[in-house]
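**Student:** Have a look at this one before I ask anything.
The values are calculated or read from the model by the stated rules, or taken from the named source; none is laboratory data. Since we're looking at a predicted model, the values are computed, not measured. All Cβ positions, even for glycine, are placed from backbone atoms using ideal geometry, and neighbour counts span all protein chains on display. These accessible areas exclude ligands, DNA and RNA; they are computed on the full protein's heavy atoms, side chains included. Shrake-Rupley method; radii C 1.70, N 1.55, O 1.52, S 1.80 Å.
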Amino acid sequence: MIELLTPTQIDEMRPAGSFVASVLTAVSEAADVGVDLLDLDALAHQMIRDRGAESCYIDYHPSFGAMPFGKVLCTSVNDAVLHGLPHPYKLRDGDLVSLDFAASVDGWVCDSAVSVVVGTPREEDVRLIAHAQEALDAAITVARAGNKVGDISAAIGEVGRSHGLKINTQFGGHGVGRTMHGDPHVANDGRAGRGFPLKPGLVIAIEPWFLHTTDEIVMDEDGWTIRSADGSRGAHVEHTIAITDGDPIVMTARS
């Protein structure tokens, strides 16, 4: 079921978006050469406790997961592109890491992700992140009442293809509200003018993720971390946005 929120409910959701943004800012600033992924997860977990929020990940166990996730932050490094399960690993110079985080505050959920390079960046990784952000910006631009989900998907796909990147559509954006994942599904490629109509009150997470040279993915041995099939690197960015009568509201905007 797709739920449309009232303007009052969207306002009630804003603290969740601000909190998620603050956690991603903190962990991305803390990500540096020599920092362990488990330390980044611990930082996010402490911020959850301090805020009195609830993790959306720690007990999360969808059909594709081998077990409950058990951590509060997704840390996907280099060829790991989604759902990276934090484990003992110290970031190395030039690592590209995607940090994905969702939490519930006062019963409302927001979800967001950012990709960063630690240490000395590769030029191609900087471009990859920039292209993913370009796709997210393009998607947000068309996330307006009167358009359709397919317009968002088409905007993402057009940017990815224009830069020669590979796009996997198995995992993408989704509805957000009282729970982390709901309808509608927002694929990262598609046809404009198709799909669910965008209406005021619809809240969705839009999350482009691109790979350099393949659209094929494989599951890691931990049963969670998704990697590119050929070892190429990926970048992932995400915002929770609310459709209104006018401009969309980026609930998880980072200052």
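**Student:** Output ³J(HN,Hα) for the range 33-42: one whole-Hz value per residue in order, computed from phi by the Karplus curve 6.51 cos²θ - 1.76 cosθ + 1.60 with θ = phi - 60°, and x for Gly and Pro.
**Tutor:** 4, x, 7, 7, 4, 5, 5, 5, 5, 5
**Student:** Would you mind getting me the FRET efficiency between residue 1 and residue 67? Use the beta-carbon distance for r and R0 = 22 Å, nearest 0.05.
**Tutor:** Plugging the Cβ-Cβ distance into 1/(1 + (r/R0)^6) gives 0.20.
**Student:** Let me ask another. Just the number, please: carbon plus sulfur as a percent of the accessible area of the chain, 1.4 Å probe, no ligands or DNA/RNA counted.
**Tutor:** 49 percent
**Student:** What fraction, in whole percent, of alpha-carbon pairs in the chain exceed 32 Å separation?
**Tutor:** For the chain, the share of Cα pairs beyond 32 Å comes to 15 percent.
**Student:** If you roll a 1.4 Å probe over the heavy atoms of the protein chains, what accessible area per residue do you get for the chain, in Å²?
**Tutor:** 42 Å²
**Student:** Order these peptides, 52-58, 158-164, by their mean beta-carbon neighbour count within 10 angstrom, highest first.
**Tutor:** 52-58, 158-164
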